[in-house]
Each structure stands twice: as C-alpha cells, then as structure tokens.
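To start, the structure itself, in structure tokens.
The values are calculated or read from the model by the stated rules, or taken from the named source; none is laboratory data. The structure presented is a predicted model; accordingly, all values stated were derived computationally and were not measured. Positions of Cβ are backbone-derived with ideal geometry, glycine not excepted, and every protein chain shown enters the neighbour counts.
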Amino acid sequence: MESARITVFDTTLRDGEQSPGCSMNVQEKLRMAHQLDRLGVDVIEAGFPIASEGDFEAVQAIAAVVHRPIIAGLARACKADIERAWQALHRASHPRIHVFLATSDIHLKYKLRISREQCLEQARDAVRLAKSLCEDVEFSPEDATRTDPAFLCQVLEAVIEAGATTLNIPDTVGYTVPEEFGALIRKIKQQVRGIERATISVHCHNDLGLAVANTMAALAGGATQVECTINGIGERAGNASLEEIAMAMRVRPDRYSYETALISEQLYPSSQLLSEITGVSVQPNKAIIGRNAFAHEAGIHQDGVLKNPLTYEIMTPQSVGVPDSTLVLGKHSGRHALRLRCEQLGYEFDRRELDDIYRDFVVLADKIKHVRDHHLLELIEQQRDCRKRIPPAAEKPIPLAVAATAVAGKSAGYIPKQVSLMENPEAISLPRNLVADHHGEQEDYLWGV
Ligand code: KIV
Ligand code: ZN
C-alpha cells in the first residue's frame, strides 16, 4: 500500500515564538527560516504580522527570500489582521493566509462575547475576505477540542463554502487524548460537507504531554497536515515536537506509514540553531535531540552498545544529525566503558590493574556524579606503578581541547571535591572502529559490567 504524503507545517516562528524567552528578531527568524527550508518542511508559519512591526518585517523578509515552502502568516478573523497579513505575504512565491477564530462556548462567552451565530458569520466573512486576496487560505477554529462537535462541523462547512483550502483542528489547550482526537478527525472527515475539497490539519499543544500522540492519532483518523515546532516550543507546555513526529514515522513505518519531505539528518542542526538563537536549551532527556538521547551511562547498557548499538538504540544518532553516541562515565558505568576511555586516553591495563582503577572510580563517581577525563587521569596516576603506557589510539585521537583540560587539571593527588553540574559534560563518543574491534566475549559479560 502506498504511504500517504503528510504536509509538515512548521510554526516554530509563530506559535513557538510565543513561548516565554523564545522571541526572535528579524535576522534570527530569517536564519531559522533558511534552516527550516533545509530541513524540508512544507509550510513555514513565519509570524503574526499585525502583532508587531518586527513580526511584520520578519514575515515580509522571509516571504521575499525563502521560495520553496509555502509561507503562512497568521490573522484573527477581522479585516485589519487579514489585510496586514496579506501586505506582509503578497511577494511570497507561495503565500498562505491563516485565519483563526475561537468556536468553543467558553471562548465565545468569556473571551469574544459573541453568540454562535455571530461566530459563524464572522468566520465566513473573514475567510471570504482572505480568499479575495490569496488563493491559499487556512482556517482554524480555536479551542476546537472543547467546541460542541455539531457546531464545529457547521463552522467548518461554512468556511469551506467561503473558500478555505486547509481546515486546521487545534487542540488549543492540550486537553484532548489520542482516542478522542482520532475519533473527532474521523467524524469531521465523514460528516463535514465539502471536506474532500480541503486538507485536514491538526495542531496539538502539550499540556498533558500528549501532543505528539494526539497528532499521530489524528493522522490515523484522516488528517494529512501536521502543525509542529522544533524542540516542541510553543505556548505554555509547547506544541507537538517536529523531530518526534518525524522520527516516529521513520522508525515505525509499520505503524505510521506516512511520507514527508523532511531530511531527518537536519533535525539536530535545526534544534541546535534554535537553542543558539533563543538561548533556551532543551531538557537533556528530550527525545531525539536532547543531550542524553544517545548517551549511555549504565554499565549494562554501555556493554550492550559497545557490542552492538542495536541493543539499546532504535535509531542511529547520525540519522538525526547527531555526530555520535556517547558513553558517560558515572557511578552506573562498567569496566568496559572505563577500559575504552582509558585506551582512548592512551593507557592500557590488564584485568587486575583495571579492577583497581575501577574500584577507585566507583568511589569517586559516587561523590562527583560525572567522572571527567582529568579525574580519570588522576586515578591512573595513583595506579602509576602498575601502569603501562601505550601510544594514544591512532584511529581516534583525543580532541586537543579535552587533552589540554586533562593535563591542566592534573596535579599529584588532586581529586576535585565538587564538580558543577552546569559544566559542559565531556563524554566518550563511541568510536565505531573500536566498537567493531571490541571482543565482547561472554566471559567479559560475566566479569561484570
Ligand atoms: O493553539 C491554537 O489554537 C493556535 C491557533 C492560532 C491555530 O495556535
Ligand atoms: Zn497553538
């Protein structure tokens, strides 16, 4: 069976930018837009032109120079917003006006103070105006998942009539759950008149940590556009994370048989660039692109990965643009990783010597959490008598900076009492040539990890 082609709508520069600390200036947005282009997204939502002069300029600048993807600008369902959006977008090779209006009773009553009838009319008029300016119009009924489904369908039919070509169903407050959201999309696909003329899109927020799961459930229900952001940034708990959606499809095509135009090797560079621009780093255990996503500390895991990365890695780091896996030396680490790092530092030990160093290493790791190269060199120094120097591993020389740190931090008997957790962690990257050479006999395993 042929895989369905999914449109990837990236809203890092609009919804993403709305997360605290993530606002970007025109130049920064431009840099990020070029990277999103390299990543292969289909639509870049470049901003909300009426929100500020800077946002207007950013959308205009991106529209002028980024030609492959569709460039979208957000507008509330009113004349001033729509005209301003079009002013910013009209030079784009592929412009899209994205109009939104809340449809849930909570929003109508407390925020907009309008009736359902007024909402219906306003949505229809706004889409008509947008359509008179731009062929490609997307409509979002804000807070769709808390909207009466019958009314939601009524609004969707009205905006299709008025010319909307994409209907985006936002879970604005991250309230829905996968089964429910999948069923809602299925219902829309089956019941809304004219839906076959439009693309069904979804836009999930992560308040319950379900944004990606909800997005995947919506695809099964018939959605063919996903809205998402790099690093999952966005209002409050964020939006569905683009990298997680992309890799769920790539790693599990048996379950998620969808095609996108994404270049997965550009995921990590995109994540890094965003963090660099915003100054907001991702949590270490963030799936796909977090610092620990391909790091192994537990001895049993390190042993397995050294023998064959397939034991504990479901995708290669290179497939998402991460240079390599890393082995982190901590109290859970085993002798195999310790021996490998010693060899990388230029020292080779027999089993008894390594046992002695390992014993000291575990005591130290218990105290300082992360054993760095200069700590290891101190331990080796203490075992000097039983040490035999060999030339540093030719295939994988120690990076100069690491070696310099190791030497600089070295003085007889010196073991630092405290190590700041904020320090840039050094970790052992997994040399593939050494992995291949590593003899992981059963005996090694019994010896202990
Ligand atoms: O979360 C939301 O409802 C939105 C809309 C503007 C699509 O961001
Ligand atoms: Zn949103």
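Read through the list (1) in a loop (DSSP other than H, G, I, E, B); (2) within 16 Å of ligand 1 (Cβ to nearest atom); (3) in contact (Cβ under 8 Å) with a residue 24 or more places away in the chain, then give the number of the only condition that H67 fails.
If we test H67 against (1) in a loop (DSSP other than H, G, I, E, B); (2) within 16 Å of ligand 1 (Cβ to nearest atom); (3) in contact (Cβ under 8 Å) with a residue 24 or more places away in the chain, just (2) comes out false.
May I ask you to verify whether L219 is assigned by TED's automatic domain parsing to the domain that holds E235, of a type in the set (A, V, I, L, M, F, W, C), under 26 Å from the mean Cα position of the chain (by Cα) and part of a loop (DSSP other than H, G, I, E, B)?
In short, no.
Filtering region 7-46 down to residues that are charged (D, E, K, R) and within 16 Å of ligand 1 (Cβ to nearest atom), which residue is nearest to A72 (Cα to Cα)?
The selected residue is E45.
Assess whether E235 counts as being within 16 Å of ligand 1 (Cβ to nearest atom) and part of a loop (DSSP other than H, G, I, E, B).
yes
So which residues in region 124-180 are assigned to a loop (DSSP other than H, G, I, E, B) and within 16 Å of ligand 2 (Cβ to nearest atom)?
Listed by number, the residues that qualify are D143, T147, T172, V173, G174, Y175, T176.
Kindly list the number of the only condition in (1) in a helix (DSSP H, G or I); (2) buried (at least 23 other Cβ atoms within 10 Å of the Cβ); (3) of a type outside the set (A, V, I, L, M, F, W, C); (4) touching a residue at least 60 places away in the same chain (Cβ under 8 Å) that fails for D55.
Only one criterion is unmet by D55, namely (4).
Looking at region 238-265, which of its residues are among the polar types (S, T, N, Q) and within 16 Å of ligand 1 (Cβ to nearest atom)?
Matches in region 238-265: N239, S241.
Restricting region 173-188 to residues that are among the β-branched types (V, I, T) and over 11 Å from G209 (Cα atoms), which is surrounded by the fewest Cβ atoms within 10 Å (Cβ to Cβ)?
V173
Out of (1) away from ligand 2 (no atom under 16 Å from the Cβ); (2) closer than 24 Å to I245 by Cα; (3) surrounded by fewer than 24 Cβ atoms within 10 Å (Cβ to Cβ), the odd one out for P20 is which?
Only one criterion in (1) away from ligand 2 (no atom under 16 Å from the Cβ); (2) closer than 24 Å to I245 by Cα; (3) surrounded by fewer than 24 Cβ atoms within 10 Å (Cβ to Cβ) is unmet by P20, namely (1).
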